[in-house]
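Below you'll find the structure, written out as C-alpha cells, and then a few comments.
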Amino acid sequence: MNKKISLCIHIIPALLILLSGISCSRQEQAAGGITLTLSSGLPETRGATPEETSANVRDGKEIYFENGVPDLVLLMFSGDDLVAKYPGTGTDLITSPTPTGQDLRVRIATDLNGNMLSAGTYSIYALANTKGLWGDPDIASIATKAAADALVFSTRPTALKEDRMPLTAIGTVEVNSSGNGAAELSLLRPVGKVVVRFINNYGKTLTLSPFSLTLRNMSASSGYLFPHTSGDIPGGVTYEDLTKTVSSPETLTLPDYIAQGEVYEYASLVYPGVAGNLSAGDFTCDLSFSITQVGGTPLATPQDFDFAKLSILNKRGEDVTSIARNQQLTITVNISQGKMLSFSFEVGAWGRNTELVTFD
C-alpha cells in the first residue's frame with residue numbers, strides 16, 4: 001500500500017514538469033517575434049473618460065482608432081536598414097486585452113521578407129495620428145534610419161489637421177536567439193504649446209478694444225518629426241512672432257473669473273525652438289489693450305495698458321531660452337481693479353506645469 005502511494009507521488013511531479021515544459025513551448029510559439037506596448041503620453045496627461053476620445057485625440061492624449069484600427073506606423077531598423085514595418089508583412093495588432101487609444105500592443109513576428117528576426121538590438125520608430133501631420137512628410141518612402149531622423153515638418157502648426165495631434169516615439173528592442181523580444185514606448189507630441197491666460201479678477205466682465213499681443217521669436221519654421229536626443233532643431237530654422245490682435249469695432253470680452261470661474265486663453269502650437277541665436281532675438285512679450293466697458297457699461301475714459309519687450313525669466317532670474325517638444329509655456333495675466341496687472345509664467349510638461357517664471 002505504501003509503495004503504491006509513493007509511486008503515485010513521484011509520477012505526479014514528473015507529469016507536472018512535462019506539462020509545464022509543453023506549456024512554455026506553446027506560449028513562445030504563439031507569441032512569436034517581438035511585442036511592442038505603446039502608450040499615449042504620461043499618465044497625468046491621459047484622457048479621463050472614453051467619452052472624451054475626440055478631444056483627447058486633438059490634444060495628443062490618445063491614438064486615433066477607426067473601425068478598430070489605430071492610425072499608427074511602426075518602423076523597425078537594424079543599424080540603418082528598415083527590416084520590418086507595421087502595418088505590414090508579419091505584423092498584427094494584439095486584440096487581447098482590447099486595445100485602446102491610450103494603450104495597445106503590436107506584434108512584429110517576421111521581417112519584411114517573412115523571415116524570423118535575427119538576434120540583436122533594433123531601433124523602433126513609432127508615429128501615431130499620421131493624418132494629422134503638417135506638411136505631409138513622406139512616411140511611406142522611408143527605407144533607412146537616417147531618412148527617418150532627417151524628416152522634418154515643412155509647415156508651421158497653425159491648426160490641427162483631421163482633428164488629430166501627431167505623436168512620436170523612438171525606442172530599442174532586444175531580440176533573442178529565438179527571434180523574440182519586448183519593448184515599451186511612450187508616444188508624445190512633437191510640438192510645444194504657448195498659452196496666454198487672462199484671469200479677470202475685476203469682479204465684472206471686461207470689454208477690451210483695441211487689443212494686441214505679440215510673442216516674439218516663438219514660432220520656429222520647421223521641426224523634426226521624430227525626437228533627437230541632442231539638437232532637436234533642424235538647421236536653417238527661422239523664427240516668427242505669434243500675434244493676436246483685435247481692432248475696433250471688434251472687441252474682446254474677458255469673463256468674470258470671480259463669478260464664472262472662466263478665463264480667456266490664446267494658445268498656439270510651436271516647433272521646438274531656441275532664442276538668442278543669430279536668427280532670432282530673446283523670447284519677449286508685447287501686450288497692449290484698452291478697457292472700454294466694465295460689466296457692459298461703457299467707461300467715460302478707457303483704461304489703457306501698454307507693456308513692451310517684457311522678458312520671460314525663470315524663478316532663478318534667467319531668460320527662458322528654449323521651448324521643447326511636448327512642453328508648455330503658460331503666460332498668466334491677472335487683471336484687477338484700477339491699474340493693477342501682474343504677470344507670471346510656468347514652463348513644464350504639456351498640461352502639467354512644474355516651474356514658475358515671471359516677467360521682469
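The values are calculated or read from the model by the stated rules, or taken from the named source; none is laboratory data. Remember, it's a predicted structure, so these values are computed and weren't measured experimentally. Virtual Cβ from ideal backbone geometry, glycine too; neighbours counted across all protein chains shown. Please note that ligands, DNA and RNA were not included when accessible areas were found on the heavy atoms of the full protein model with its side chains. Shrake-Rupley method; radii C 1.70, N 1.55, O 1.52, S 1.80 Å.
Evaluate the following for Thr168: is it among the hydroxyl-bearing types (Ser, Thr, Tyr), in contact with a strand residue (DSSP E or B) (Cβ under 6 Å, 6 or more places away or on another chain) and either under 30 Å from Ile312 (Cα atoms) or not in a strand (DSSP E or B) (or both)?
yes
Step by step: first the residues of the range 288-327, then only those that are over 23 Å from Ser212 (Cβ atoms) and of a type in the set (Val, Ile, Thr), then the one that is modelled with the lowest pLDDT. Which residue is that?
Once the filter is applied, the top-ranked residue is Thr321.
Do we find a residue being open to solvent by 20 Å² or more (accessible area, probe 1.4 Å) and under 16 Å from Tyr224 (Cβ atoms) anywhere in the range 100-115?
No, the range 100-115 contains no residue that is open to solvent by 20 Å² or more (accessible area, probe 1.4 Å) and under 16 Å from Tyr224 (Cβ atoms).
With open to solvent by 60 Å² or more (accessible area, probe 1.4 Å), of a type in the set (Asp, Glu) and in contact (Cβ under 8 Å) with a residue 40 or more places away in the chain as the only criterion, which of Asp282, Asp256, Asp306 stands out?
Asp282
If a residue must be of a type in the set (Phe, Trp, Tyr) and open to solvent by less than 10 Å² (accessible area, probe 1.4 Å), how many such residues does the range 202-218 contain?
1
In the range 326-354, what count of residues is obtained for those that are within 30 Å of Phe153 (Cβ to Cβ), open to solvent by 40 Å² or more (accessible area, probe 1.4 Å) and either in contact with a strand residue (DSSP E or B) (Cβ under 7 Å, 6 or more places away or on another chain) or not in a strand (DSSP E or B) (or both)?
5
What strands (runs of 3 or more DSSP E) lie completely within the range 76-164 and have 3 or more residues being of a type outside the set (A, V, I, L, M, F, W, C)?
Once the strands (runs of 3 or more DSSP E) in the range 76-164 are filtered for at least 3 residues that are of a type outside the set (A, V, I, L, M, F, W, C), what remains is 81-86, 103-108, 120-128.
If you check every pair at least six apart or on different chains, which have Cβ atoms under 7 Å apart with a residue in the range 127-142 that is over 20 Å from Ala84 (Cα atoms) first and a residue that is at pLDDT 90 or above and open to solvent by 70 Å² or more (accessible area, probe 1.4 Å) second?
Lys131/Glu162; Gly132/Glu162
For the range 233-248, does any single residue satisfy the condition of being over 30 Å from Ala147 (Cβ atoms), assigned to a helix (DSSP H, G or I) and touching a residue at least 24 places away in the same chain (Cβ under 8 Å)?
Within the range 233-248, none of the residues are over 30 Å from Ala147 (Cβ atoms), assigned to a helix (DSSP H, G or I) and touching a residue at least 24 places away in the same chain (Cβ under 8 Å).
Conditions (1) charged (D, E, K, R); (2) at pLDDT below 95; (3) in contact with a Ser or Thr (Cβ under 9 Å, 6 or more places away or on another chain), marked per residue:
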site	(1), (2), (3)
Phe153	no, yes, yes
Lys161	yes, yes, no
Leu185	no, no, yes
Ser230	no, yes, no
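Here are Ala84, Ala148, Ala126: which of them is under 25 Å from Gly236 (Cβ atoms), of a type in the set (Gly, Ala, Ser), at pLDDT 95 or above and open to solvent by less than 30 Å² (accessible area, probe 1.4 Å)?
Among Ala84, Ala148, Ala126, only Ala148 is under 25 Å from Gly236 (Cβ atoms), of a type in the set (Gly, Ala, Ser), at pLDDT 95 or above and open to solvent by less than 30 Å² (accessible area, probe 1.4 Å).
Among the numbered criteria (1) open to solvent by 30 Å² or more (accessible area, probe 1.4 Å); (2) within 30 Å of Val294 (Cα to Cα); (3) of a type outside the set (S, T, N, Q); (4) part of a strand (DSSP E or B), which one does Glu184 miss?
So Glu184 meets the others, but not (2).
Going by the structure shown, is Asn67 of a type outside the set (Lys, Arg), modelled with pLDDT of 50 or more and touching a Gly at 6+ places or on another chain (Cβ under 6 Å)?
No, not satisfied.
Mind listing whichever residues of the range 130-145 are open to solvent by 60 Å² or more (accessible area, probe 1.4 Å) and among the hydroxyl-bearing types (Ser, Thr, Tyr)?
Correct list: Ser141 only.
Of all residues in the range 171-181, which are surrounded by fewer than 14 Cβ atoms within 10 Å (Cβ to Cβ) and part of a strand (DSSP E or B)?
Across the range 171-181, the qualifying residues are Thr172, Glu174.
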